[in-house]
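Input: a single structure, listed below in structure tokens.
The values are calculated or read from the model by the stated rules, or taken from the named source; none is laboratory data. Please read all numbers here as calculations on a predicted model, not as lab measurements. Cβ placement follows ideal geometry from the backbone for every residue including glycine, while neighbour counts extend to all protein chains displayed.
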Amino acid sequence: MSNTFLKSVIDFTKNVKTTGALYQTSKQIEKEICSKINAETKIIVEFGTGLGNITKRILDQMPADGKLYSFEVKAEFLEDVKDLIQDDRLVLINDGAQNFEKYVTEEVDCFISSIPVTLIPKEIVKSVIQKSYDALKNGNYFCQVLYSPFHKKKFSAVFEEVKIEKAASVPIGFIHHCRKIATR
Ligand SMILES: C[S@@+](CC[C@H](N)C(=O)[O-])C[C@H]1O[C@@H](n2cnc3c(N)ncnc32)[C@H](O)[C@@H]1O
């Protein structure tokens, strides 16, 4: 582990107000949040790259001809991710999830989000969820990890199906698998 990377790990846990995290995600959370990714999920959008833990797992599971757009507000995290992950399928974007449609013009096969929705203003969260629903392919998933199951309504107000899976890890993660099942 390089000194720069170690510094970023320390920054990550120090910046709780932005990261919403005392810890980086665990392997169990990574596995569960990526469980909807398969050979058909070619266009993927990630919100909250952090230090790239989930990003790596997404790349491992997605098809060779896929594309992953990953959004992160803290530029210094992205600098480390650029050193750690070299993959032509990955597009790193230093901007907020709320602006994703400026960069992503394709129909999206899957959203993977670990942004701290409980710390971000409600109107922004509402808009991110609605815009993600609109950009998502019908029948597909928006997956969000949270530390509690108490915010389900934010997602079920927009998505027709929301199922919560618990990853028994430290920290405990509640993965919200939100499915778009539009009938018209
Ligand atoms: C809980 S951390 C998760 C990081 C990483 N995915 C992991 O697995 O360890 C949340 C990340 O979201 C970033 N973030 C916060 N608000 C954001 C926003 N509006 N758009 C994109 N990223 C955001 C934080 O800077 C932080 O890196």
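Scan the stretch 72-91 and tell me whether some residue there is crowded, with 23+ Cβ neighbours inside 10 Å and under 13 Å from the mean Cα position of the chain (by Cα).
yes
Residues of the stretch 50-71 being surrounded by fewer than 23 Cβ atoms within 10 Å (Cβ to Cβ), among the aliphatic types (A, V, I, L, M) and assigned to a helix (DSSP H, G or I), which ones?
59, the sole residue that qualifies.
Go over the candidates 147, 133 one by one and state the one that is in contact with a Pro (Cβ under 8 Å, 6 or more places away or on another chain) and not basic (Lys, Arg).
Residue meeting the stated conditions: 147.
Does at least one position in the stretch 101-115 carry a residue that is at pLDDT below 95, at negative phi and surrounded by 14 or more Cβ atoms within 10 Å (Cβ to Cβ)?
no
Which members of the stretch 35-49 meet the condition of being away from the ligand (no atom under 13 Å from the Cβ), out of contact with any His (no Cβ under 9 Å at 6 or more places or on another chain) and either under 15 Å from residue 114 (Cα atoms) or assigned to a helix (DSSP H, G or I) (or both)?
44
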